[in-house]
């Protein structure tokens, strides 16, 4: 039987079942006697086994069958769950996930899972699983795990891309120690010391902890970012004694990306749920058990079709604006009534299309619990995660971009924020730390907050490091508010970590987070209290395609300012302008707000020189404000954001353009970069 026509459906449903397995296992770890969870896991494994056997992916079916046997033993109390058993089960699901990703990438889903199968059989037979057998098997068809580049996540790739764009070189450095080397850990430390003087270490294989404990043979590999040449790096490393040879190669992000095809991009489908009961399948698939979530039928739509639909509607919005202007100029009642009705109908259509593109942020959040579990174990910390508002929806384009910054913020919270159990006990805190991930709507924005009850942020340490790195001067440091001090950690190259680790402390990261969020039209703020915890708050627009703007005039040209960043518009007398720190400022409701003359920013002719009054638009970024000086206000309008293309991608203070009703092109001002 030809099953190729069902491959996309198999990949999508298998991915959902694996995701369910991860979530159920995380819950089971907290409540090992919860019979409902055990039943759900057993049924998910049974369904996945049947699907993969039908499609001919025998290795997936075999591994799932062993997993099913273990949970059959657990539900009939022949097997008692402990930490070692949970580790083996998680590794089994990791292997299943890797095999399904391989199938999605065009592979055959085969893998050498003999080790994990042997461990599952030992559990099934009541034997003890030792640490030697506790390693996950490598899946054939995926990238090999004996190099640094095998397990790079998307955020680490974005760091490498950012470094490359800033003129740095990305290197893969492999160091081979001599076999008569006695103090391998000391040699590794000396090599890292050399590298840190020349650049930043992004990743190491084996991990830093294994290198420090000498849990490796005689070679190790690091991904390294530097402006130095290969020859300079090689000579510096070779000065360390007991080194056999050093191999340095340029690391290509593009070449690496070609090897990895993201699971979500491969499926290229979006699921729309209709609240209908799913009929029981009488085939090999077992019926779904009763659960808290209602079952649903799904319609899978290729995301490219939604993008095309959105582009066509954007053209309709432009033509709608043109019709509104023509109707206003002709002053024909019938035409105006028709255009008004068209405006209402197209507004409803716009809401439906935008809703279709909305996906719950749970698609991003659902990978964090297992990531936190693994990081906490690696760092020997106890960490729980609390997720609130996972059903909050965002435009798919925003969802695609926000995952990696959130990953880094959570890593940062675990590594820098949450203390070890001993330290927490000394401080009178529970030994288990908590990371709270919360999402909610507010107006036309979505807010995502990552908070922890850890060590908070040491202001003195941040200030000291900022002064050492030349990020601020002594005079500036004395005038900073607490929040401004906290936000220094998002400056480029800033890190307060005492040592480089695989998780954070490289000085490359939070600045990329900030840049990514601001490129989406959002912003990030930080609040913290030492020994109480910290809160990173991310504000994002609901959608990036259609926005409400204020049209303003500047030297006979029309510009657009997004309403989301505007606090107020005002007309003020020139006599109200004051001077502070060699800048022109105004008093806005008790706050000193600097003036930004847009004619100077965009180098246009000044037309307000002889006027007694000036028009200003007060805009905000976080808790900072500025007043943009314009010639006049035109009015509010809904516009379509259009990219300026590759040739004009770096235009200062311009985020894009739009086409107005009269066919004129108006540039959209990026007010974020104008707020100092």
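Bear in mind that the values in this text are calculations on the coordinates, not laboratory data. If you're wondering where the values come from, they're calculated on a predicted model, not measured in any experiment. Using ideal geometry, Cβ is built from the backbone for each residue, glycine included, and neighbour counts are taken over all protein chains shown.
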(message) For a quick size check, give me the Cα extents of region 148-259 along its three principal axes, largest first, whole Å.
(response) 40, 27, 19
(message) Could you compute Rg(Cα) / (2.2 N^0.38 Å) for region 361-541, with N its residue count?
(response) 1.02
(request) May I ask you to list the residues of region 339-366 whose amide nitrogen lies under 20 Å from a point 7 Å from Cα along the Cα→beta-carbon direction of residue 322? (result) 339-347, 350
(message) Taking 35 Å as R0, compute the FRET efficiency from the Cβ-Cβ separation of residue 232 and residue 374 and round it to 0.05.
(response) 0.45
(request) With a point put 7 Å past each Cα toward its Cβ, work out how far residue 391 is from residue 569 in nm, to one decimal. (result) 3.9 nm
(message) 7 Å from Cα along Cα→Cβ at both residue 531 and residue 76: what's the point-to-point distance in nm?
(response) 5.6 nm
(request) Based on the mean of other Cβ atoms within 10 Å per residue, sort peptides 161-172, 580-591 so the most packed one is first. (result) 161-172, 580-591
(message) Quick check: pseudo-label points 7 Å beyond the Cα along Cα→Cβ at residue 209 and residue 7, how many nm apart are they?
(response) 3.9 nm
(message) Cβ neighbours within 10 Å, averaged per peptide: list 467-479, 65-77 in order, most packed at the top.
(response) 65-77, 467-479
(request) Would you please classify the overall shape of region 546-674 from the alpha carbon gyration tensor, given that a ≥ b ≥ c denote the square roots of the eigenvalues, rounded means a/c under 1.5, and beyond that prolate means a/b larger than b/c while oblate covers the rest? (result) prolate
